1. For the range 137-214, what log10 I(q)/I(0) values come out of the Debye formula at q = 0.11, 0.20, 0.23, 0.24 1/Å, with one point per alpha carbon and no solvent?
2. Could you identify which residue out of 106, 22, 70 has the top mean-square fluctuation in a GNM of the chain using Cα springs shorter than 10 Å?
3. In which sequence would 151, 24 go, from the one with the fewest C-beta neighbours within 10 Å to the one with the most?
4. Just to be sure I understand: with springs between alpha-carbon atoms less than 10 Å apart, which residue in 171, 93, 197 has the highest mean-square fluctuation in the Gaussian network model of the chain?
5. Take 94, 127, 16, 201 and order them by how many other Cβ atoms sit within 10 Å, fewest up front.
6. When the C-alpha atoms of the range 1-67 are aligned to their principal axes, what extent does each axis show, in angstrom, from largest down?
7. If you project the alpha carbons of the range 81-158 onto the principal axes, what extent comes out on each, in Å, largest first?
8. Cα-based Rg of the range 85-214 per 2.2 N^0.38 Å, rounded to two decimals?
Ligand code: SF4
């Protein structure tokens, strides 16, 4: 492992020993609901509507037997409520009919659920089943480049995923994912990174660029 990766592993292990998703959930089924709702939406907003949703639909069968008209009011305050209402109903029907009301652990099976793409499938599998994975969302994409974990010309999330996966030991992949997300969400913000408060400043490759633009 290169010096930079080793530094981050040491730093984050000491400071955020048990990183977790910030989506609230109580069962694997409810995690899938939260992940589908979180596309193009903040975790905070999703968490504000899920308590009532989870209470009304505790199991896949409850949601599978519901209707668009009944479900829509629960999700109408988040982004893309029409599509997400349809996704949730179809997802619950597939989970009930095809997977015996259990959330599958295989990425290929998770990807058959409406509203669940590769990134979401990786996230669900890593959280529920601890399957090692590195879903590259906007935070991971940005922070990896700024820290110089990948070259700044790396074009796609898939390319970033490959480089990170090749450099981070498998047993730390899931934690590393959460660490990069949390760092991007609270410190290395997209528009105004909090560089003066950042403890990673000594290894960051973005800062000299930012300074030279001043
Ligand atoms: S120093 Fe600034 S740009 Fe670099 S990781 Fe920290 S917050 Fe992000």
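1. Evaluating at q = 0.11, 0.20, 0.23, 0.24 Å⁻¹ gives log10 I(q)/I(0) of -0.27, -0.88, -1.14, -1.23.
2. Looking only at 106, 22, 70, the biggest GNM fluctuation is shown by 70.
3. 151, 24
4. Between 171, 93, 197, it is 197 that shows the largest mean-square fluctuation.
5. 201, 16, 94, 127
6. Taking the Cα atoms of the range 1-67, the three principal extents are 54, 20, 17 Å.
7. 46, 30, 15
8. Compared with the compact-globule rule of thumb, the range 85-214 sits at 1.25.
Computed from the coordinates by the stated procedures, all read-outs in this text should not be read as laboratory data. Because the structure is a prediction, the values reported are computed rather than measured. Cβ atoms come from the backbone with ideal geometry, glycine included; neighbour counts cover every protein chain shown.
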